[in-house]
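Readers should treat all values here as calculations from the given coordinates under stated rules, not as data from a laboratory. Remember, predicted model here, so these are calculated numbers, not experimental data. Don't worry about glycine lacking a Cβ; one is built from the backbone with ideal geometry, like all the others, and counts go over all protein chains shown.
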Amino acid sequence: MWQGRFSGKPDKLMQEFSQSVSFDQRLWREDILGSLAYAAELQRIGILTEKELADIHRGFKQITEEIESGKFDWKVELEDVHMNIESRLTELIGDAGKKLHTGRSRNDQVATDFKMWCKRVAKELRDAINSLCSQIAGRAEETIDVIIPAYTHLQRAMPVRMAHQLIAYGSTLHIASDQLLDLPYGSASDLPLSAGACSGNSFQVSEVHLANSLGFLHPPFNSMRSVSDRDFALDLVFLCAKYMTHLSRIAEDMILWSTAEFGFITLGDAVTTGSSIMPQKRNPDACELVRGKTGRVVGHLMSLFTLLKGLPMTYNRDLQEDKEAVFDATDQTLACLRVMALVFSKENFKVNRERIQAHLDSGAGYMEAMNVADWLVLQGVPFRDGHDITGRLVKYVEQKGMRFADLTAEDLAAVDKRLKPELLNELSLEALVERKQVYAGTAKARVLERLAELKSWLKE
Ligand code: ARG
């Protein structure tokens, strides 16, 4: 493509070193779309004849078939996806293929292809998040009456409905996924094509036509900015890193919940593995891998930042290194979202109700104590005093090695005279859960409302 000025060929090692076609061939669809829109402009301004434009369409049709059927011969010597496709086009249709690059540079071409690719994948990510959320919502529906301990500092804190915690996961992911919808209106809203190598296009192509036909909101604002800008990639990988961080926390909870110590759930065969030595083992590998892959995706964000840091205006070959980070970050995030949807499927997420009930019946963690403090407040005792009285009651129960459920009127009176016998009827965890009637609380009616809301978001 650029041999004119050179007498020698690149070293074999250099060829291998600098090629990107092994990974950027993933941009082929976008590359062809971009070229078709550009060719239409070249025809409109008289650089291509109608016949030549028709040839270009025909050529791309064949190339599309060749790529889709795996017959396309990708050549490392041709460096990247752009030159591979252009060279094949010229092989197929002759001179019209050679005219296609008039006024265009790979700098505006690659930025255009890559931005379109990122927008497409942003949609896939949003769909994958929605599918995961609907699995989570399904499990929430089934666990509305299952009360579990909620933890702070990983110590039993307050009883909640299992559905409440599941909705915490679903709403976290869904709310965070709204930012994917912003991408086409924000950092991926402007078309790079027509920015040329860095200073603009010498021919009278209409950047507005190009932007419209390629689904961008705006034409380029400044050609130098356009070819050097990778904010859209940073934003997308940041979102991947964020979703992975959320998934890693959810995965960690599921790993804990499926231990013998918690035993809240059993994960199905489809998302667990056995051990080669310990026949009794059921390992939560799916969740562990999701947790592990989070580091890798966060790493890609760091590599992108480091790649861009201090890079002089405008295009530099360093920018070729942006793709693998984005490809792997998005691949891994999509895979993890899909695997977590499996984890939360009806077949694989089995709730151990008796085990959970046994935990609650054991009285460990003294979660009933909050009932006492709340009840005292309703009797007119200032909360700080109620807190102190309740604290003394917990100490009493702990020292006697008993549970709140075993308390008698005499025990209460022994701790404080304000602890009346009626209190004994107020100690259930269910009652405590049902007092959380605020909008975001864990009372049944509120959880059902929020669940319905989450499900309605998924339909949007
Ligand atoms: N493969 C290159 C990349 O990914 C395409 C752009 C090359 N441009 C250039 N001037 N060498 O960035």
Run the numbers on the chain and let me know its relative contact order in percent, using alpha-carbon pairs under 8 Å that are six or more apart.
16 percent
Checking the a/c ratio against 1.5 first, then a/b against b/c, what shape does the Cα gyration tensor give for segment 182-232?
oblate
Which distance in Å, rounded to a whole number, links the C-alpha centroids of segment 155-215 and segment 1-62?
28 Å
Take the cross-link list 123/346; 346/455; 9/309; 350/459 and give me the ones stretching past 22 Å between alpha-carbons.
123/346; 9/309; 350/459
Amide H contacts under 5 Å for residue 349, restricted to residues at least 5 apart in sequence or on another chain and with H modeled in the peptide plane, are 268
Integer Hz, Karplus 6.51/-1.76/1.60 couplings in order for segment 183-188, x for Gly and Pro:
3, x, 9, x, 5, 10
Segment 67-164: trypsin sites (Lys or Arg not before Pro) in DSSP loop, at most 14 other beta carbons within 10 Å:
71, 75
Grab the other residues whose beta carbon is less than 14 angstrom from that of residue 385, score K and R as +1, D and E as -1, and report the net.
+1
Could you run the Karplus curve 6.51 cos²θ - 1.76 cosθ + 1.60 with θ = phi - 60° over segment 398-405 and give me ³J(HN,Hα) per residue in whole Hz, x for Gly and Pro?
5, 5, 7, x, 10, 10, 4, 5
Against the longest alpha carbon principal axis of the chain, how many degrees, from 0 to 90 and to the nearest 10, is the axis of helix 162-182 turned?
20 degrees
Within straight-line cross-link reach of residue 99, aspartates and glutamates at Cα separation under 15 Å, skipping those fewer than 8 residues along the same chain
41, 50, 52, 55, 86, 91
A correct fewest-to-most ranking of 253, 229, 269 by other Cβ atoms within 10 Å would be 269, 253, 229
Rounded to whole Hz and in sequence order, give me ³J(HN,Hα) for segment 257-267 from the Karplus expression 6.51 cos²θ - 1.76 cosθ + 1.60, θ = phi - 60°, writing x for Gly and Pro.
4, 8, 6, 4, 5, 8, x, 5, 9, 10, 8
Taking amide H positions as placed in the peptide plane 1.01 Å from N, state which residues far from residue 160 in sequence (5 or more) or on other chains have amide H under 5 Å from it.
148, 150
Structure shown: which of 71/98; 119/242; 242/444 lie over 28 Å apart, alpha-carbon to alpha-carbon?
242/444
